Amino acid sequence: MVIMEDRFAVLSTLPVSPNEHRLAIKVLAVSVLAFLALAPFAKAQLAPVWGFIPVYESWLVFNDFVTAILLYNQFRSFRARSVLVLAGGYLFTAATAVVHALTFPGLFSPQGLLGAGPQTTAWLYMFWHGGFPLFALGYAYLKEAEAKERTAFSSHQVKVGIAGILILVCAIALLTTQGQALLPTIMSGNRYTPTLFVVISSVWLLSLIALIAIWRRRTRSVLDLWLSVVLASWLIDIALSALLNHGRFDLGFYAGRIFGLLAASFVLLVLLVESGMLYAKLVEMAAALSRLASIDPLTGIANRRMFEESLLQEWRRGARESQPISLLMIDVDHFKLYNDNYGHVQGDQCLRDVAAALSSIVGRTGDIVARYGGEEFAVLLPGTPEEQARTVGQRIVEKVRSQAIPHARSSTAPHVTVSIGIASARPHWSAQVGVPQAIDSDHLSLVTAADQALYRAKHAGRNQAVVALHELDPQAAHACAV
């Protein structure tokens, strides 16, 4: 199946910013200067530091495995084959580094484990440093193809690919241990043979080709940029630790591996930073979606969904804290006639003006102003007794009236007015209620009472606020279980 898309906002396609480009150039410049300073002394023999090898190998294995996992996760999300191949490259280097550590002479045993011989780790280094550029070349090639299309992979195919890489590493391990007689001799004790320089030159050239293939892309992504830095550092690693030095434990041996370690960390660092940025954006988008799901798009106040959720929440809180709760149901008088006379565009503006009037009166933290539906609004006042709710209702009536929005077809006044029904209650917790239906329906009695009061306000002439006949007694209906 081919999936066509125009743009993928991920590390492998995110365009390079000027600041990132400058930073990469500075890193490369420092690396080159360090290389030029160290190269003349690469053959200087230093004391064997056996602790260096396990620290180096452990960090490299950890770094490359984590990088591979992060890249595989990116592939699972965005299905870019190039990212899958690069993830395979890091899995290959991590697995090969494990074998390299196990077989290193003197680390776990005098001759290394797995039946290793004197050539094993040297040849593992060659396969290791020659294999990753091949994966990088595959990444570069597939990036060109993905400019037009992407092919979806099944999870089964990905698992087969991972298994194939691990089998390849096992085959290399078998060849360099049990089958090392089939390979030319490249080590003599701790020193390199002339044959090694032919092999390592080929490996170095392969890394250079991979670097050129990625760098020549006209539109480089962030991943392209830092992968180029990795390959440049990889070239320095190979040059110091295998081309310019004499053998193990000289300055080039140590310095080259430190360069390789730093190079391996570049992509992981960028992936971690990008993951943090994407997570922050995800949180931001989730918050934005949450706001969109709870806000009425016309008036900008809470919608009915948010009102109903808030009502249940505040009802239960009132039960826990023995606090009153009041509700105002508000209806724009003769709104259908207003729409018929002035049109729907002006009708929408009228609703926005009424919503603004409500919000200007009800501004206390925790209070909710919502559009309940059509021309009807609701105001939820937690912790507010009936007398205070009555005052708020009267202020709303006066505020809307003072806006003097013309309404030529109203029988109540020559301008827009509202009718309000007010209901108050003191929720109580009772252990007698044991069914979820009763818990979720307690608060609805408040809505019913406010609706009845609104009905009375309309029949009494509109343009006024009417309080329910008596404060609701939740124990007389359903008790609120919290």
Would you check if residue 51 is out of contact with any Lys or Arg (no Cβ under 9 Å at 6 or more places or on another chain), modelled with pLDDT under 85 and either within 19 Å of residue 140 (Cα to Cα) or in the same structural domain as residue 173 (by TED's automatic domain parsing) (or both)?
yes
Residue satisfying condition, being farther than 17 Å from residue 448 by Cα and in contact with a His (Cβ under 6 Å, 6 or more places away or on another chain), within set 338, 342:
338
Do the conditions hold for residue 223, that is, is it at pLDDT 80 or above, surrounded by fewer than 23 Cβ atoms within 10 Å (Cβ to Cβ) and either farther than 15 Å from residue 64 by Cβ or of a type in the set (A, V, I, L, M) (or both)?
no
If only one of 107, 137, 124 is of a type in the set (A, V, I, L, M), assigned by TED's automatic domain parsing to the domain that holds residue 237 and not in a helix (DSSP H, G or I), which one is it?
107
Output the qualifying pairs, or none if there are none: Cβ atoms under 7 angstrom, residues six or more apart or on different chains, first residue in region 444-464 and over 19 Å from residue 426 (Cβ atoms), second residue assigned to a loop (DSSP other than H, G, I, E, B) and acidic (Asp, Glu).
462/333; 463/333
With 113, 38 as the choices, which residue is touching a residue at least 12 places away in the same chain (Cβ under 8 Å) and more than 27 Å from residue 272 (Cα to Cα)?
38
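Matching residues to (1) among the hydrophobic types (A, V, I, L, M, F, W, C); (2) surrounded by 14 or more Cβ atoms within 10 Å (Cβ to Cβ):
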site: 165; (1), (2): yes, yes
site: 181; (1), (2): yes, no
site: 187; (1), (2): yes, yes
site: 198; (1), (2): yes, no
site: 203; (1), (2): yes, yes
site: 219; (1), (2): no, no
site: 230; (1), (2): yes, yes
site: 237; (1), (2): no, yes
Please work out which one of (1) in contact with a Phe, Trp or Tyr (Cβ under 9 Å, 6 or more places away or on another chain); (2) in a helix (DSSP H, G or I); (3) over 16 Å from residue 129 (Cα atoms) is the condition residue 276 fails and give its number.
(1)
Search region 189-219 for residues being outside any helix (DSSP H, G or I) and of a type in the set (Val, Ile, Thr), and hand back the single one that is modelled with the lowest pLDDT.
219
Test each condition in (1) small (Gly, Ala, Ser); (2) under 23 Å from residue 247 (Cα atoms); (3) loosely packed, with under 15 Cβ neighbours inside 10 Å for residue 29 and report the one that comes out false.
(2)
Given the options 267, 273, 283, name the one that is at pLDDT below 80 and within 30 Å of residue 199 (Cα to Cα).
267
What residue, of 240, 262, 244, 251, is in contact with a strand residue (DSSP E or B) (Cβ under 9 Å, 6 or more places away or on another chain) and closer than 30 Å to residue 47 by Cα?
251
In region 13-45, how many residues are more than 19 Å from residue 253 (Cα to Cα) and either among the charged types (D, E, K, R) or outside any helix (DSSP H, G or I) (or both)?
8
Tally time: how many residues in region 91-104 are crowded, with 21+ Cβ neighbours inside 10 Å and without any contact (Cβ under 8 Å) to a residue 40 or more places away in the chain?
1
Residues of region 168-183 being within 16 Å of residue 114 (Cα to Cα) and in a helix (DSSP H, G or I), in sequence order, are 169, 170, 171, 172, 173, 174, 175, 176, 177, 180, 181
Among 287, 242, the single one that is closer than 30 Å to residue 360 by Cβ and either free of Cβ contacts under 8 Å to residues at least 12 places away in the same chain or surrounded by 13 or more Cβ atoms within 10 Å (Cβ to Cβ) (or both) is 287
Residue in region 315-338 that is acidic (Asp, Glu) and more than 21 Å from residue 368 (Cβ to Cβ) present:
yes
For residues that are in the same structural domain as residue 346 (by TED's automatic domain parsing) and acidic (Asp, Glu), scanning just region 293-310, find the one that is surrounded by the fewest Cβ atoms within 10 Å (Cβ to Cβ).
309
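The values are calculated or read from the model by the stated rules, or taken from the named source; none is laboratory data. The shown structure was predicted, so the numbers you read here are calculated from the model rather than taken from an experiment. Every residue, glycine among them, receives a Cβ derived from its backbone with ideal geometry; neighbour counts consider all protein chains shown.
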